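Down below is the structure, laid out as structure tokens.
The values are calculated or read from the model by the stated rules, or taken from the named source; none is laboratory data. Please read all numbers here as calculations on a predicted model, not as lab measurements. Here Cβ is always computed from backbone atoms with ideal geometry, including for glycine, and neighbour counts include all displayed protein chains. What goes into the accessible areas is simple: the full protein's heavy atoms, side chains included, and nothing from ligands, DNA or RNA. Shrake-Rupley method; radii C 1.70, N 1.55, O 1.52, S 1.80 Å.
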Amino acid sequence: MTRLVDPFRARCHLALLVGMLLMVCQATGVAYARRIPVVRCPTTTGVSGPLRSTPPQIQVPGAPRGVVAYTNSEQFLVGPSSMQCDGQIGADGGAVLAAWPVGASKPGLHSHHSGITLTVIPACVGCKAEVVCPFFAGYASSLGFPCRTTVPLGERVVRPKRGLALFHDPSGVSGDGWPSGGPDAADGVVGFTRAPYGGVAYRATCTLPGYEHRVCSAVLRDVIRRYG
């Protein structure tokens, strides 16, 4: 059964998220920084050889207590310390990180349980277009790969600045969040940097119970800080 979405509540939630993210991203020297443990995830790679060494801790501005930084040895993804994780690194440098509750299966796009995911694409042009669609149709077209999808019904999107979009999939809405469609709302960020044939395209989603909203804010702030 499709759940009814309260448009006013969804807009308020997204407005609050945007305010929290921009307040920290635009401030300099205002947010406190906390050193959090680094957790190396089992990672598959497209090239042979050892993975890069990682520090035991990293500093994350505004990190709440009880979080860690999951890593595939290249990227970092903030999340609750109680999760399991998995990483992938392609031969062209494209990377994926995912963290999800212990005992659950790795989240698919519309899995109905909690999860946090990150995709970073530095080289593959078609992959960049796939990551930014349907939020930046003009950018995707400039890469030669026009978007074939549109923003799903019920998903809320704001674009606070060029090359950055924030989205919110309310509970029960199977949107662009990975994962989304379950009982927990999904908050996400999508962006790209620099010229079409340089920089990176990235997307992250945080889908956690409502009482962990502060954690999702920290997750997305850190993604914007690192890759935006």
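Against the definition (closer than 17 Å to SER217 by Cα, hydrophobic (A, V, I, L, M, F, W, C) and modelled with pLDDT of 50 or more), how does ILE58 come out, yes or no? The answer is no for ILE58.
Condition check for PHE167 on (1) among the hydrophobic types (A, V, I, L, M, F, W, C); (2) more than 24 Å from GLN84 (Cα to Cα); (3) open to solvent by 10 Å² or more (accessible area, probe 1.4 Å): one failure, at (3).
Each residue in region 114-137 was checked for being open to solvent by 40 Å² or more (accessible area, probe 1.4 Å), assigned to a helix (DSSP H, G or I) and either within 16 Å of GLY198 (Cβ to Cβ) or at pLDDT below 95 (or both), and 1 pass. Quick check on my filter: what residues within region 156-169 are under 20 Å from GLY126 (Cβ atoms) and in a loop (DSSP other than H, G, I, E, B)? Hit for region 156-169 is GLY163, nothing else.
When you check ARG9 against the structure, is it in a loop (DSSP other than H, G, I, E, B) and modelled with pLDDT under 90, yes or no? Considered against the rule, which asks whether it is in a loop (DSSP other than H, G, I, E, B) and modelled with pLDDT under 90, ARG9 comes out as no.
Exactly one residue out of LEU153, LEU164 is of a type outside the set (Phe, Trp, Tyr), out of contact with any Leu (no Cβ under 8 Å at 6 or more places or on another chain) and over 18 Å from VAL223 (Cβ atoms), and it is LEU153.
Applying the selection to region 144-176, what residues are of a type in the set (Gly, Ala, Ser) and free of Cβ contacts under 8 Å to residues at least 60 places away in the same chain?
GLY144, ALA165, GLY175
PRO107 passes every criterion in (1) open to solvent by less than 20 Å² (accessible area, probe 1.4 Å); (2) in a helix (DSSP H, G or I) apart from (2).
ALA140 passes every criterion in (1) in contact with a strand residue (DSSP E or B) (Cβ under 8 Å, 6 or more places away or on another chain); (2) crowded, with 22+ Cβ neighbours inside 10 Å; (3) not in a loop (DSSP other than H, G, I, E, B) apart from (1).
At pLDDT 95 or above and polar (S, T, N, Q): does that describe THR207? Here the answer is yes, as THR207 does meet what is asked. Condition first: at pLDDT below 95, assigned to a strand (DSSP E or B) and open to solvent by 20 Å² or more (accessible area, probe 1.4 Å). Can you find one or more residues in region 61-78 that meet it? Yes - at least one qualifying residue is present in region 61-78. Could you tell me which residue of region 170-228 is most open to solvent (accessible area, probe 1.4 Å), considering only residues that are part of a helix (DSSP H, G or I), hydroxyl-bearing (Ser, Thr, Tyr) and out of contact with any helix residue (DSSP H, G or I) (no Cβ under 7 Å at 6 or more places or on another chain)? Here the residue is TYR211.
Going through region 100-116 one residue at a time, which ones are in contact (Cβ under 8 Å) with a residue 60 or more places away in the chain and over 17 Å from ARG203 (Cβ atoms)? Across region 100-116, the qualifying residues are HIS112, HIS113, SER114.
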